[in-house]
Amino acid sequence: MQTSKTDILVIGAGPAGTVAAAVANKAGKKARIIEKTRFPRFVIGESLIPRVMDHLADAGMLEAVNRMNFQKKFGARFIKNDKVCEFDFSDRFTDGWAWTWQCPRADFDMELVKEAERQGVQVQFETTVTAVDMSGPVKKTTVQYADGSTEIIESDFIIDASGYARVLPTMLGTVRTAKLPPRKAMFVHCKDEKRPAGREGWMISFVVHRVDIWIWVIPFSNGNCSLGVVGNPDFFKDFEGSNEEVIRAILEQDPNYRDRFRGTEFLWEPKVLEAYSASTSEMYGNGYAIVGNSVEFLDPVFSSGVMFATESGNLAAKLAVRELNGEKVDWKKEYEDYIQKAVETFKTYVASWYDGALQDVFFADEQNPKIKQQLSSILAGYVWDMKNPWVRNHSKLVYTVSDMIRRNENAKPASPGTKEM
């Protein structure tokens, strides 16, 4: 069996993997990506958030992505009945990028792969990991190629960016049951021929269909749009017919977008993703790190998926380079605790979105400009800023403010036990 050598082996060619490999390569380490599928391939997570721009800059990929002319994203709109709450990323609490992109992920991911290759990273598609020997200082990964041939890749470090496949967590037995309730997403790309001009036309929208069901509308620069319905799986049981018929029926119930998308051409049969939240009990180990959706995938609301992918990929690569250069790295503090702090913050806002508490804050009759700035920073992905009270006190503040709003509007408390917070 053929054997080859690289400094850092990256499993998975999504944003986490390409950013990790590019960052390691820039630091002088030989990085190699192996990917089970063939790109371009479809995946959700089509709306980025500004924090991603920091990672693309670190990886030297910003210029390449900018050449793709994707739809620029400067904020987000949330709609509930006749109420609209808009966030402008330029009006935020934390310093950082004020814009990013909305893009078909097949095109975005492919461009990151091409840029990684231009920078000198070797990328191999249709390459499946069949075994991993983690016992020695040199990690030995056995792979099988599309033609059936096999190879052992020796590396000093492995970064697992395999996403839902969770290659290392599966082999190491560290896949963990998700703590978030199971949810279902049904989504499609369609023609957007009735798109209004200006801000309303390009802005991503999150539409509350009912408290635990929402619709996403993500316009692309190519004239198409991504539509999705997300929430409690039981909701979808009330509809009969094909996936296309279900989405069309749900859109027909929405007064905000029914006219825009009535009769629009769907570009393919709508896809379904169900019970998608998952995680791993071990984020790192001797000579390896788990990054991206391999670590944890939360929920498509707030578009945090790509941000966590690139944040973890960027950071893990930098720490791996330091370790390979002989430095002592505290992976618990510098990686796991750092990433989990932000994951827990977003978990709070995902949970409070679905139980209605965050919706109370977004759609309050009287909007507090300072609170909106602080929440805008979170929606932009700057969730490590402990000066922001909505980061520092995330587990309490959203429910405290929600209860105040509900009392002012003569409504019941947000959730049992809230008064104890």
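Things to note:
- Residue in the stretch 61-76 that is in contact (Cβ under 8 Å) with a residue 40 or more places away in the chain, within 25 Å of Trp384 (Cα to Cα) and charged (D, E, K, R) present: yes
- Among (1) within 30 Å of Ser281 (Cα to Cα); (2) polar (S, T, N, Q); (3) not assigned by TED's automatic domain parsing to the domain that holds Tyr284, the one test that Thr170 misses: (3)
- If you go through the stretch 164-178 and keep only what is more than 30 Å from Leu251 (Cα to Cα) and outside any strand (DSSP E or B), you end up with Ala165, Arg166, Val167, Leu168, Pro169, Thr170, Met171, Leu172, Gly173, Thr174, Thr177.
- All of (1) farther than 28 Å from Leu251 by Cβ; (2) in contact with an Asp or Glu (Cβ under 7 Å, 6 or more places away or on another chain); (3) acidic (Asp, Glu) hold for Asp330 with one exception: (2).
- Search result, residues across the stretch 265-285 that are in a loop (DSSP other than H, G, I, E, B), at pLDDT below 95 and farther than 12 Å from Ala316 by Cα: Ala275, Tyr276, Ser277, Ser281, Glu282
- Within the span defined as the stretch 390-410, one or more residues are outside any helix (DSSP H, G or I) and modelled with pLDDT of 95 or more.
- Between Lys347, Lys271, the distinction of being touching a residue at least 40 places away in the same chain (Cβ under 8 Å), in contact with a strand residue (DSSP E or B) (Cβ under 8 Å, 6 or more places away or on another chain) and among the basic types (Lys, Arg) belongs to Lys271 only.
- Scanning the stretch 215-247 for residues that are out of contact with any Lys or Arg (no Cβ under 8 Å at 6 or more places or on another chain) and over 30 Å from Asn66 (Cβ atoms) gives Val229, Asp234, Lys237, Asp238, Phe239, Glu240, Gly241, Ser242, Glu244, Glu245, Val246, Ile247.
- For the stretch 46-65, a residue qualifies if it is in contact with a helix residue (DSSP H, G or I) (Cβ under 9 Å, 6 or more places away or on another chain) and surrounded by fewer than 21 Cβ atoms within 10 Å (Cβ to Cβ), and the qualifying residues are Asp54, Asp58, Gly60, Leu62, Glu63, Ala64.
- Among the numbered conditions (1) within 21 Å of Met307 (Cβ to Cβ); (2) touching a strand residue (DSSP E or B) at 6+ places or on another chain (Cβ under 8 Å); (3) at pLDDT below 95, the only one that Ala165 does not meet is (2).
- Answer from Ile34, Ile49 - the residue that is at pLDDT 95 or above, more than 30 Å from Trp97 (Cα to Cα) and either assigned by TED's automatic domain parsing to the domain that holds Tyr164 or among the small types (Gly, Ala, Ser) (or both): Ile34
- Top-ranked residue in the stretch 214-255 [being surrounded by fewer than 17 Cβ atoms within 10 Å (Cβ to Cβ) and within 26 Å of the chain's Cα centre (by Cα); ranked as nearest to Ala76 (Cα to Cα)]: Ser221
- Whichever residue in the stretch 147-189 is touching a residue at least 60 places away in the same chain (Cβ under 8 Å) and of a type in the set (Asp, Glu) and, among such residues, is surrounded by the most Cβ atoms within 10 Å (Cβ to Cβ): Asp160
- Criterion (under 15 Å from Ala185 (Cβ atoms) and either assigned to a helix (DSSP H, G or I) or among the basic types (Lys, Arg) (or both)) met by exactly one of Val217, Val246, Val230, Val207: Val246
- Residue tally, condition under 14 Å from Pro40 (Cβ atoms) and surrounded by 15 or more Cβ atoms within 10 Å (Cβ to Cβ), over the stretch 118-143: 2
- The residue list Phe78, Phe93, Phe42 contains one member that is farther than 24 Å from Ile158 by Cα, touching a strand residue (DSSP E or B) at 6+ places or on another chain (Cβ under 9 Å) and not assigned by TED's automatic domain parsing to the domain that holds Ser149, which is Phe78.
- Those strands (runs of 3 or more DSSP E) of the stretch 107-158 in which at least 1 residues are among the hydroxyl-bearing types (Ser, Thr, Tyr), considering only elements entirely within it, cover 127-133, 139-145.
- Among the residues of this structure, Ala197 counts as one that is outside the structural domain of Phe108 (by TED's automatic domain parsing) and modelled with pLDDT under 95.
The values are calculated or read from the model by the stated rules, or taken from the named source; none is laboratory data. Computed from a prediction, not measured in an experiment: that's the story for all the values here. Heads up, the Cβs are rebuilt from the backbone with ideal geometry, glycines too, and the neighbour counts pull from every protein chain shown.
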